[in-house]
Each structure stands twice: as C-alpha cells, then as structure tokens.
Amino acid sequence: MKNAVSTDRAPAAIGPYSQAIETDGMVFTSGVIPVVPATGEIPEGVEAQAEQVFTNLAALLEASGTGMEQVIKTTVFIKEMDDFGKINEIYAKHFTGVFPARSCVEVARLPKDVLLEVEAVAVK
C-alpha cells in the first residue's frame, strides 16, 4: 500500500505527481526545489536556494513522519557543477550523524529555472 504525502510547508506539486510517497516504512520524495511555499518566490543565488531546498525537504519529511536524520539516499541535481562546493557546504549543515548516500548530477535546466533540486529516500 502507498500513501501520498502533502504539506503546504513545501512547494506544491506542479504536475501530476505527489510531493512524497510513503510505503512500507519508507518515504520517497519527489524533487524539491527552492520555492518559498508561502509566497512562491525563489531566493537569489545558489546558497540561498540551497538553504530553501533543505528547509522545504525537512518540512516534507516531517509531514511524512520522518526527518533529515533518517534520510538514506539523496539525488542532487545542479545547474552548474561549479556550484558543487557551495552546495556541499550547505548540504553538510542539514544532515547529522551518518551522511546519506548521494548522487549529484549537472543538468541543463530545472523547473522554474532554479539552480538545484534534491530528492530523497528516508526510513520511518
């Protein structure tokens, strides 16, 4: 059985998908982008966008009944590989204990022309 997870504390889905799915004690998030949920605004600069992505991701995980400390895998999509170091510093601030496994890829374009997007898998 799978259950859709939805919260207004993370950006709403902009297509036919769920913000996250919970099944068998696991949570799979869709890609989270740096949209401020209350205003729809996108912060300027890669550091501010990275902070917003992890704020949104934490809110989505909390709504799913888990948290950042329970994330076991992430995929990070970035617009410019040159931003990897800046994003890495912010990433490291938002995870405690054992870091999740991670993939990171540079992509040509992301929704709303943001600079990064992150998806995660967490245990409950």
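The values are calculated or read from the model by the stated rules, or taken from the named source; none is laboratory data. Everything numeric here is computed off the predicted structure, so don't read it as measured data. As a convention, Cβ positions derive from the backbone with ideal geometry for all residues, glycine included, and neighbour counts pool all protein chains shown. For accessibility, only protein heavy atoms count, side chains too; no ligands or nucleic acids. Shrake-Rupley method; radii C 1.70, N 1.55, O 1.52, S 1.80 Å.
Restricting attention to the stretch 34-41, does a residue exist that is of a type outside the set (S, T, N, Q) and surrounded by 20 or more Cβ atoms within 10 Å (Cβ to Cβ)? For the stretch 34-41, residues of a type outside the set (S, T, N, Q) and surrounded by 20 or more Cβ atoms within 10 Å (Cβ to Cβ): present. Evaluation of Gln52 against the conditions (1) buried (at least 21 other Cβ atoms within 10 Å of the Cβ); (2) touching a strand residue (DSSP E or B) at 6+ places or on another chain (Cβ under 6 Å) shows that the sole unmet condition is (2). Of all residues in the stretch 59-76, those satisfying the criterion of being crowded, with 19+ Cβ neighbours inside 10 Å and either in a loop (DSSP other than H, G, I, E, B) or not β-branched (Val, Ile, Thr) (or both) are Leu60, Leu61, Ser64, Thr66.
From the list Val27, Val105, the one residue that fits, being touching a strand residue (DSSP E or B) at 6+ places or on another chain (Cβ under 8 Å) and open to solvent by 40 Å² or more (accessible area, probe 1.4 Å), is Val105.
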